[in-house]
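Written out below as structure tokens is the structure these notes cover.
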Amino acid sequence: VDGPRLIHNENDSSYIFVRLRKDVPLFPGCWLKVACPDAGSSLSHPFTAILRLPPSGVRQSAGVTEFDFLWKVNGAKSWTGKLQEEIKRQEEKVRLRELQLPQQRQRRSQQPPAAELGAQSQLSQQEEVQTPAKILVTLRRKTNGGQQQKEQQPPPRPLPFTFHVCGPYGGGLGMLQQMETIVFVMAGVGITTAASIVPSLLREGKKAHIVWACRSQGLINHVCSTYFPKDMQNGDNLTFKVYLTGVAGEATQRPPRAGDTTKVAWVQDSVGTLTLGRPDISRLLSDAAVGALGGARGEEDVGVFVCGNESIVRTTFGAAKTLNADAARSAYLHVHAESFQL
């Protein structure tokens, strides 16, 4: 449907984005097995799918689901590294062919106008031009006072890659599904789980608090603009705190002002808040647990879904254990973890 394309970053590895469509119903938080022969990979790899739910009030086609994948490039010899090189090669071919596009247009403009062919009435000619970028451009030439109209229609088509997808698998939130408040502690591409599940939680009237630590400015901007726009906000049901790690300078909150020496780009229309530095997971979990118990619902249990490297998983479990030892003044934290090695 879209991509694959690269998400670049100056101080971290690149990431790959792709949007696919599968003729089976999927559920939030599921994962799929993916293989890509174009990357020389005949083996399938498990990845969480970010479901593309239709806007509220819009009915989704039965049995057809669009979903996104975000993959970190793990080195030149990995299948993601080989896929990255193939994407670059295809994009270069597109770029070189697009350089020839002005010459093609010039040759077309030198063709005799339709009026010289003796047509007295209005003549409409439609012509489909397949550009190297796979963009369908419809040219409508109307000989009405010598005026020409040019319209660019559908968006760019995906590059010619093949992906074999099998699934869905997994259990979504598992035991956390019954809880009214879920805290997502994410690192790097672990954000795909929250991006997949949170929209459905908000539609059910539940609360979601997202804590995301990430080194990649490019990935942060893509995720915030694509999956967490400002119009996603629904009262106090959603908080999204983004922490950009690996950036020199004092911790500061959203958004960095013009001229800031950190030079951090930020998506202004995102629901999230940006902080430079690492998150204080213990404090953030405490705030969520105390707020849940003391809130209007008086919740005694809060779910914590952590997805990231071993360090953030271990830190989250340790913080929850400490807070649960004094659960008299806060809700009890139930932790579900998914870890990955990059």
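Each reported figure results from applying straightforward, stated rules to the coordinates on display, with no laboratory input. Quick caveat, the model's predicted, so the values are computed rather than measured. No Cβ is skipped: glycine too gets one built from the backbone with ideal geometry, and neighbour counts run over all protein chains shown.
A few remarks follow.
- Label separation (Arg89 vs Thr162): 1.5 nm, computed from points 7 Å beyond Cα along the C-beta direction.
- Using alpha carbons only, the radius of gyration of the stretch 263-334 set against its Kirkwood radius gives Rg/Rh = 1.05.
- Computed FRET value (nearest 0.05) for Arg21 with Lys321, which takes r as the C-beta separation and R₀ as 35 Å: 0.25
- Distance between the stretch 185-238 and the stretch 1-42 - C-alpha centres, whole angstrom: 18
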